[in-house]
Amino acid sequence: MKVSILIANYNNGKFLHQALDSVKQQTYENWEVIIVDDASNDSSVSVYNQFQGDKRIKVFYNPENRGCGFTKRRCIDLAEGDLCAFLDPDDTIEADSLSIMVKAHFNLPLYSIIYSNLTFCDENLRPIKVSLYNCAIPDGESHLSYMGGGISHFAVFKKALYDQTIGIDETLISAVDQDLYYKLEETGPVHFINQPLYNYRQHSGSISLFSNSLQAHDNHLKVIGLAIKRREGKTSAKNMELKLYFTLQMQHYQRCSYYKLKKNKNIEACSLAIKALKFLRYDRDLVSLKLLYSSAKSLFLSLFSKNIHNK
């Protein structure tokens, strides 16, 4: 089996050399690297030039910055391997990662994704801890329905099964991996290897910092909603219960309300709080009621104190 390692790069030239070195050090040698550069303006090109002697490393360029979804989708479209896996340009993989993954895919021909655990590292790739999120999904659950953890790096998937989906949503700038995982588990079962094969670097420029933004939460809700619609009577992968989805939306609008309140955008904060309240008719459990009460109390106390201060 040929493995396509996919790298969507934007201004990560500082770390890219280590990522490519980790691929070249693989004990499994039937691989290619597909790099799509999203109009970087840093030292990335000089790094590409250092590896131009290895024909297995192929570099393509977006003429203008198009974002994560577009670039990752293009990576897959350009891949020639039987298996594909994304490697972020600031991360690395262990030397036996591909050997382990290829063997697992060979033994599980009907499985769409096989994924491992990962190690969180500091900026210099010194190990900090092994992730507690990556885990096996219990029988009867799916990555979409199970809230106790699930699929993350290192996720290796069959290209033929990806081609059965509509592909990554190229308009997304975040939640791109989740969109991919949801679609792939609709084409076949998934399998977890409880071994850290991926080194996830945490640093000030990491895209993971963006993952906690309001827009990132909004994008994640979007891909969840689309997955729920796709799965209605059309796939064996378990769907998410609407009650849980409404709870997630309620929590999202609460976060947005708090954010606007901190920015002194009180009218917008109230509007978002009202949006959160509308989901109460779908979810009347005590935890949800407490969350809404806490949100409303903080909002109106803050507004009241600001009005008194202004007088």
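Rolling a 1.4 Å probe over the protein chains gives E170 an accessible area of about 90 Å². What residue among L132, L172, L144 has the largest mean-square fluctuation in a Gaussian network model of the chain, using Cα springs under 10 Å? Its mean-square fluctuation being the largest, the pick is L132. Put a plus charge on the Cβ of each Lys and Arg, a minus charge on the Cβ of each Asp and Glu, and nothing anywhere else: the dipole of the chain about its Cα centre is then about 1620 debye. Treating r as the C-beta distance of L110 and D54 and R0 as 30 Å, the FRET efficiency rounds to 0.35. Between I166 and E141, the FRET efficiency estimated from the beta carbon spacing at R0 = 22 angstrom works out to 0.40.
On full extension, the segment bounded by R126 and K234 gains 34.4 nm, given 0.36 nm per residue less the C-alpha separation.
With semi-axes defined as the square roots of five times the eigenvalues of the C-alpha gyration tensor, the equivalent ellipsoid of segment 166-277 measures 29, 21, 12 Å, largest first.
A Cα-only calculation for segment 221-267 places Rg and Dmax at 14.8, 47 Å. Our estimate of slack between K278 and Q195, defined as 0.36 nm per intervening residue step minus the Cα-Cα distance, is 25.6 nm. Computed over segment 54-160, the range of Cα coordinates on each principal axis works out to 44, 36, 28 Å, biggest value leading. Over the C-alpha trace of segment 1-52, radius of gyration and Dmax come out as 11.3, 35 angstrom. For the residues I113, I35, I100, a GNM of the chain with alpha-carbon springs under 10 Å puts the largest fluctuation on I100. Give the Debye-formula value of log10 I(q)/I(0) at each listed q (0.12 Å⁻¹), with one equal scatterer per alpha carbon of the chain, two decimals each. The Debye formula, applied to the Cα set alone, gives -0.86. Between rounded, prolate and oblate, where does segment 76-134 land on the alpha carbon gyration tensor, with a ≥ b ≥ c its root eigenvalues, rounded for a/c under 1.5, else prolate if a/b exceeds b/c? Prolate, since a/c reaches 1.5 and a/b exceeds b/c.
Considering all different alpha carbon pairs of segment 123-210, the Kirkwood hydrodynamic radius works out to 14.7 Å. With Cα atoms as the point set, the radius of gyration and Dmax of segment 35-76 evaluate to 10.7, 29 Å. All C-alpha to C-alpha distances of segment 1-112, sorted into 10 Å bins beginning at zero, yield P(r) values of 15, 48, 30, 7, 0 percent in whole numbers.
Taking the Cβ of Q202 as the center, what net charge do the other residues with Cβ under 13 Å away carry, scoring Lys and Arg +1 and Asp and Glu -1? Don't jump to the answer; show the numbers that get you there.
Working: positive: R126, K129, R201; negative: D88, D90, D91, D122, E123.
Once positives and negatives cancel, what remains is -2.
In the context of the full set of protein chains, the chain has a per residue accessible area of 50 Å² (1.4 Å probe). Modelled spin-label separation between S99 and K222, with each label point placed 7 Å from Cα along the Cα-to-Cβ direction: 4.2 nm. When the C-alpha to C-alpha distance is required to be over 21 Å, the pairs from K58/K159; K103/K183; K58/K129; K58/K103; K14/K183 that qualify are K103/K183; K58/K129; K58/K103; K14/K183. Among G53, G67, G81, the largest mean-square fluctuation in a Gaussian network model of the chain, built with springs joining Cα atoms closer than 10 Å, belongs to G53. Along the axis of the charge dipole computed for the chain (Cβ charges of +1 for Lys and Arg, -1 for Asp and Glu, origin at the Cα centre), the listed residues L226, S204, N107 are led at the positive end by L226.
The values are calculated or read from the model by the stated rules, or taken from the named source; none is laboratory data. On a predicted model such as this, the values are computed, not experimentally measured, just so you know. Neighbour counts are summed over all protein chains in view; Cβ atoms, including those assigned to glycine, are modelled from backbone coordinates with ideal geometry. We work out accessible area using only protein heavy atoms, side chains counted, and drop any ligands, DNA or RNA first. Shrake-Rupley method; radii C 1.70, N 1.55, O 1.52, S 1.80 Å.
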